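Step one of this worksheet: look at the structure below.
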Amino acid sequence: MAQITEKELSALGDLLTLETTLHKKCQCMAAEAGDTALAQCYQQMAGHHQRHIDELYDKLK
């Protein structure tokens, strides 16, 4: 695997922070949603962001 530059590593860190924040926000919104369909939508979005987090961590391996 090619070496990751410091700039790329910094960008990956920023993306991980953003995706983690979005994941947590979606989970909170799902927990607070009064409508079941809306809560499911937020859970799907949280799962989407979790997959992004997992993919970013895979890039660091």
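The values are calculated or read from the model by the stated rules, or taken from the named source; none is laboratory data. For clarity, every value in this text was computed on a predicted model and none was experimentally measured. When we count neighbours, we look across all protein chains shown, and the Cβ atoms used for this are built from the backbone with ideal geometry, even at glycine.
Structure notes:
- Only one entry of Lys59, Lys7 meets the criterion of being among the basic types (Lys, Arg) and in contact (Cβ under 8 Å) with a residue 12 or more places away in the chain, and that entry is Lys59.
- Of all residues making up segment 8-30, the number that are over 15 Å from Leu56 (Cα atoms) and not aliphatic (A, V, I, L, M): 5
- Among (1) surrounded by 11 or more Cβ atoms within 10 Å (Cβ to Cβ); (2) at pLDDT 95 or above, the one test that Glu32 misses: (1)
- Under the condition of being polar (S, T, N, Q) and either out of contact with any helix residue (DSSP H, G or I) (no Cβ under 7 Å at 6 or more places or on another chain) or not in a helix (DSSP H, G or I) (or both), the residues counted in segment 2-54 number 8.
- Total residues in segment 4-18 satisfying the condition of being of a type in the set (Val, Ile, Thr), loosely packed, with under 12 Cβ neighbours inside 10 Å and at pLDDT below 95: the figure is 1.
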